[in-house]
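Beneath this line is the structure, given in structure tokens, with notes to follow.
The values are calculated or read from the model by the stated rules, or taken from the named source; none is laboratory data. Predicted model only: the values in this text are computed from it and were never measured. All Cβ positions, even for glycine, are placed from backbone atoms using ideal geometry, and neighbour counts span all protein chains on display.
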């Protein structure tokens, strides 16, 4: 979803890529087996994709922004990149061992749209598949970076109920002062 110029520069920076690789992804994926066929929703400029591509045998990325789709396709020839909305996935039911989304839920334009993304995630996961992700908790820096962006913050306290409402079980949330990770399983 729309991002201002400062935000776009930050997400393309070497510092962000390094932080994703060295801090965010290890914390988010600690102890998680993603399986053999993973879907990443909303990879943007691909910082998280760089980590996932070396961790899983098959990776599909769904990205709504056409420019990012072109960038991802050029950077990651082994990844299937699809231009689509995460709330309307053009994918078959029960297809993936895991679905991931990292630092992108707050760019989904409404809670209702976020819930549709959760329902679509549930639909495309295989039984026993995992939904794994990371997002931000609001603070002054986060709000500044997102001036004039789409920014609908996900409340980690209500996220378990929202995920359970579409069918997920075994929902786990872990938080730091600025971020939270989540894990949920399709029964």
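Output the number of the condition that residue 30 fails; it satisfies all remaining conditions of (1) modelled with pLDDT of 95 or more; (2) under 15 Å from residue 134 (Cβ atoms); (3) surrounded by 16 or more Cβ atoms within 10 Å (Cβ to Cβ).
Of the numbered conditions (1) modelled with pLDDT of 95 or more; (2) under 15 Å from residue 134 (Cβ atoms); (3) surrounded by 16 or more Cβ atoms within 10 Å (Cβ to Cβ), the odd one out for residue 30 is (3).
Checking the structure you have, find out if any residue of region 74-94 is surrounded by 18 or more Cβ atoms within 10 Å (Cβ to Cβ), out of contact with any strand residue (DSSP E or B) (no Cβ under 9 Å at 6 or more places or on another chain) and at pLDDT below 95.
For region 74-94, residues surrounded by 18 or more Cβ atoms within 10 Å (Cβ to Cβ), out of contact with any strand residue (DSSP E or B) (no Cβ under 9 Å at 6 or more places or on another chain) and at pLDDT below 95: absent.
Restrict the check to region 136-148 and report whether at least one residue is in contact with a helix residue (DSSP H, G or I) (Cβ under 7 Å, 6 or more places away or on another chain), crowded, with 16+ Cβ neighbours inside 10 Å and at pLDDT 95 or above.
Initial filter on region 136-148 (in contact with a helix residue (DSSP H, G or I) (Cβ under 7 Å, 6 or more places away or on another chain)): 136, 145-146.
Applying the additional criterion that residues be crowded, with 16+ Cβ neighbours inside 10 Å yields 136, 145-146.
Then drop every residue that is not at pLDDT 95 or above, which leaves none.
No, region 136-148 has no match at all.
Take residue 23 and decide whether it is assigned to a helix (DSSP H, G or I), under 27 Å from residue 113 (Cβ atoms) and modelled with pLDDT of 75 or more. Explain how you work it out, then say what you get.
Numbers: assigned to a helix (DSSP H, G or I): yes; under 27 Å from residue 113 (Cβ atoms): no; modelled with pLDDT of 75 or more: yes.
Considered against the rule, which asks whether it is assigned to a helix (DSSP H, G or I), under 27 Å from residue 113 (Cβ atoms) and modelled with pLDDT of 75 or more, residue 23 comes out as no.
In region 50-68, which residues are part of a loop (DSSP other than H, G, I, E, B) and under 17 Å from residue 33 (Cα atoms)? Working first, answer last.
To start, the set of residues in region 50-68 that are part of a loop (DSSP other than H, G, I, E, B) comprises 53-57, 64-65.
Selection gives 53, 54, 55, 56, 57.
Within region 71-86, is even one residue in contact (Cβ under 8 Å) with a residue 12 or more places away in the chain, under 19 Å from residue 103 (Cα atoms) and assigned to a helix (DSSP H, G or I)?
Among the residues of region 71-86, at least one is in contact (Cβ under 8 Å) with a residue 12 or more places away in the chain, under 19 Å from residue 103 (Cα atoms) and assigned to a helix (DSSP H, G or I), which makes the answer yes.
Among the residues of region 159-180, write down those that are in contact with a strand residue (DSSP E or B) (Cβ under 8 Å, 6 or more places away or on another chain) and part of a loop (DSSP other than H, G, I, E, B).
168, 178
I'd like to know if region 107-130 contains one or more residues that are buried (at least 16 other Cβ atoms within 10 Å of the Cβ), modelled with pLDDT under 95 and under 17 Å from residue 47 (Cα atoms).
yes
Taking region 164-187 only, how many residues are surrounded by 15 or more Cβ atoms within 10 Å (Cβ to Cβ) and either closer than 16 Å to residue 102 by Cα or at pLDDT below 95 (or both)?
6
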